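The values are calculated or read from the model by the stated rules, or taken from the named source; none is laboratory data. All figures in this text were calculated on a predicted structure; none of them were measured in a lab. Cβ coordinates were reconstructed from backbone atoms using ideal geometry, including for glycine residues, and neighbour counts include every protein chain displayed.
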Amino acid sequence: MILAAGYGERLWPLTADRTKPALPVLGKPLVGYTAEYLAGFGITEVVVNLHHKPDSVRRSLGDGSQFGVTLEYVHEPVILGTGGALDNARALLEGDTFVVVNGKLITDLNLTAALREHRARNALATLVLRPNPKFERFSFVELNDGLVQSFAGMPSRETWQTDDPPLMFTGIHIIEPRIFDYVPRGVFSDSVMNVYPQAIAKGERILGHVAEGMWYELSTMQRYLDISLALLRQGGSDVYAGKNSSIDSKANVRESILWDHVRVEPGASVRRSVLGDGVRIRSGESVEDAVIVRAEIVAGKKVPAKALQGEVNGENFVVRLSQ
């Protein structure tokens with residue numbers, strides 16, 4: 001199951017006309033990376049939950065064939081959380097061991113190794129973890145002999161007592177159908193906050209499998225830009241231009257992501273920025289550390305609570321990343 005129901009408030013205005021998993025990352029929808037990740041480990045029957053702007057995910061994934069999977073879509077009229085999402089798809093999941101992956105990830109963590117340990121230790125669920133040496137703000141997981149003891153907010157570097165970095169949850173789970181004994185019916189619930197703690201309290205084995213490898217989580221505009229550039233640099237580039245986009249030979253564009261139908265005119269300068277579909281940067285304009293979409297996309301829309309503030313500049317809506 002791919003979790004794709006979130007709003008993507010922190011990625012607004014890039015999510016003004018689509019949901020977070022439908023955002024293009026170097027020309028491929030973010031959720032497409034997740035589908036290909038599952039297909040790479042032989043998991044080809046995939047359920048996708050939808051809520052916010054569901055058609056944008058459907059358009060991105062289609063029937064799944066281009067990403068190596070077959071898809072079933074499950075709609076949530078109201079957002080249900082990670083536990084409630086499982087309940088809503090219960091009929092499609094309760095027949096066998098299943099994997100749940102957050103739809104905002106780009107990763108190559110070894111799922112086969114995690115599944116092998118999951119079965120060897122007869123776990124009800126296995127959470128794929130990774131070290132967090134930067135102490136980024138993800139769920140902190142405490143283990144004892146490989147079994148999850150508790151979840152908490154990530155500790156600070158100053159209060160951390162050991163040389164080994166803390167472990168964080170990657171948003172990848174391997175789960176047995178018996179988990180539904182702990183998932184409430186028809187209500188919002190969160191796997192980490194509600195379902196797993198209840199199971200642990202009843203003596204169930206919730207395993208933490210520590211993995212190493214590539215793992216990117218695109219939840220903010222700064223992360224979207226930084227991760228896109230990191231992927232680009234693997235191919236020796238620092239600029240991506242989508243379909244029908246043009247950069248004049250007399251323009252200066254560096255470390256930037258251009259979606260489709262973008263035009264950068266002579267003498268314009270663009271650095272460390274994301275330009276959404278149809279954006280035009282006029283001659284002589286200078287753009288740095290910004291996300292820009294067409295103003296018409298956000299016209300009349302309320303700025304989400306978690307979004308950065310922006311302003312209309314001509315035909316563009318500009319958000320500064322350095323707020």
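For L143, the requirement of being within 21 Å of T170 (Cα to Cα) and in contact (Cβ under 8 Å) with a residue 40 or more places away in the chain is met.
The set of residues from region 161-189 being touching a Ser or Thr at 6+ places or on another chain (Cβ under 8 Å) and assigned to a strand (DSSP E or B) comprises M168, F169, T170, I172, H173, I174, I175. One residue stands out in region 69-117 among those that are free of Cβ contacts under 8 Å to residues at least 40 places away in the same chain and within 19 Å of the chain's Cα centre (by Cα): the one that is surrounded by the most Cβ atoms within 10 Å (Cβ to Cβ), namely V69. Condition (residue is crowded, with 24+ Cβ neighbours inside 10 Å and more than 24 Å from L232 (Cβ to Cβ)) applied to region 53-68: is it met by at least one residue? Yes.
Would you mind stating whether I200 is among the β-branched types (V, I, T), assigned to a helix (DSSP H, G or I) and either free of Cβ contacts under 8 Å to residues at least 12 places away in the same chain or more than 18 Å from R90 (Cβ to Cβ) (or both)?
In short, yes.
Residue check: Y182 meets all listed conditions (1) more than 23 Å from the chain's Cα centre (by Cα); (2) among the aromatic types (F, W, Y); (3) within 29 Å of L30 (Cα to Cα) but one, namely (3).
If you go through region 193-218 and keep only what is surrounded by 18 or more Cβ atoms within 10 Å (Cβ to Cβ) and within 24 Å of V291 (Cβ to Cβ), you end up with Y216, L218.
I'd like the full set of residues that are surrounded by 24 or more Cβ atoms within 10 Å (Cβ to Cβ) and of a type in the set (A, V, I, L, M), limited to region 24-39. Correct list: L30, V31, A35.
Filter region 146-160 down to the residues that are touching a residue at least 40 places away in the same chain (Cβ under 8 Å) and assigned to a loop (DSSP other than H, G, I, E, B) and list them by number. Within region 146-160, just G146 meets the criteria. With the condition kept exactly as written, say whether any residue in region 51-72 is farther than 28 Å from I227 by Cα and either of a type in the set (D, E, K, R) or in contact with a helix residue (DSSP H, G or I) (Cβ under 8 Å, 6 or more places away or on another chain) (or both). Looking for residues that are farther than 28 Å from I227 by Cα and either of a type in the set (D, E, K, R) or in contact with a helix residue (DSSP H, G or I) (Cβ under 8 Å, 6 or more places away or on another chain) (or both), one finds at least one in region 51-72, hence yes. Do we have any residue at all in region 251-259 that's exposed (fewer than 15 other Cβ atoms within 10 Å of the Cβ) and modelled with pLDDT of 95 or more? Looking through region 251-259, at least one residue is exposed (fewer than 15 other Cβ atoms within 10 Å of the Cβ) and modelled with pLDDT of 95 or more. In the set S286, S256, only one residue is of a type in the set (S, T, Y), under 20 Å from T220 (Cβ atoms) and in contact with a strand residue (DSSP E or B) (Cβ under 8 Å, 6 or more places away or on another chain); that residue is S256.
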